[in-house]
Amino acid sequence: MLSLLFMGFALLMLIAAFFDAATMTIPNWVSGALIILFIVTAPLGGLGWQVIGMHFLVGLGALALTVTMFAFGWIGGGDAKLFTAAALWMGWPDLLTFAAYAALAGGVLTVFLLLARKYLLFSYLVSWQWSARLLKKGGDVPYGIAICAGALLVFPKTSLFLTAMAVG
């Protein structure tokens, strides 16, 4: 059962990354489903109520930070919601590793897109609508891809995952 719930987490993260790459938006239902899935998974995974409460505090802190970043125009609203939902799954102190991995993945993605846009490394792709949006000079960076990468890299090392594997 827990394996299916964890696969649901991974699938929802991948769906968010796909939507962001294809449309530069992350549907609200993805972040909402991640939150609901956490509410179901955490108690089944052996987390106590105090630990679950700490996960929610981490999520609220992430929300405050990402809403501020959104207000300054540094990230999109979908990115803020996705990061918050993923932070809920990560908890403390795994949030810090997740944020670092997501930032690193975002940097790599940004450099890749800047180079691809400057040198049109993939000029044959520009005829496709989704790739034309990605490769448009001065275009946005679909940061949901980086958030997904950070979450999927860190999640198997989180206390939620490790506790669930010990319990299950």
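The values are calculated or read from the model by the stated rules, or taken from the named source; none is laboratory data. These numbers come from a predicted model, not from an experiment. We place every Cβ from the backbone using ideal geometry, glycine too, and count neighbours over all the protein chains shown.
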Residues that are modelled with pLDDT under 95 and over 17 Å from Phe155 (Cα atoms), drawn from the range 23-42: Thr23, Met24, Thr25
Is it true that some residue in the range 77-87 is under 13 Å from the mean Cα position of the chain (by Cα), surrounded by fewer than 22 Cβ atoms within 10 Å (Cβ to Cβ), under 15 Å from Pro142 (Cα atoms) and of a type outside the set (Phe, Trp, Tyr)? yes
Residues that are of a type in the set (A, V, I, L, M), part of a helix (DSSP H, G or I) and more than 19 Å from the chain's Cα centre (by Cα), drawn from the range 41-53: Leu44, Val51, Ile52
Picking from Phe6, Phe19, Phe38, the residue that is in contact (Cβ under 8 Å) with a residue 40 or more places away in the chain, within 18 Å of Gly150 (Cβ to Cβ) and in contact with a Leu (Cβ under 6 Å, 6 or more places away or on another chain) would be Phe38
Of Gly32, Gly78, which residue is within 19 Å of Phe6 (Cβ to Cβ), out of contact with any Leu (no Cβ under 9 Å at 6 or more places or on another chain) and part of a helix (DSSP H, G or I)? Gly32
Could you check the range 17-49 and list, in sequence order, the residues that are among the aliphatic types (A, V, I, L, M) and in contact with an Asp or Glu (Cβ under 9 Å, 6 or more places away or on another chain)? Met24, Ile26
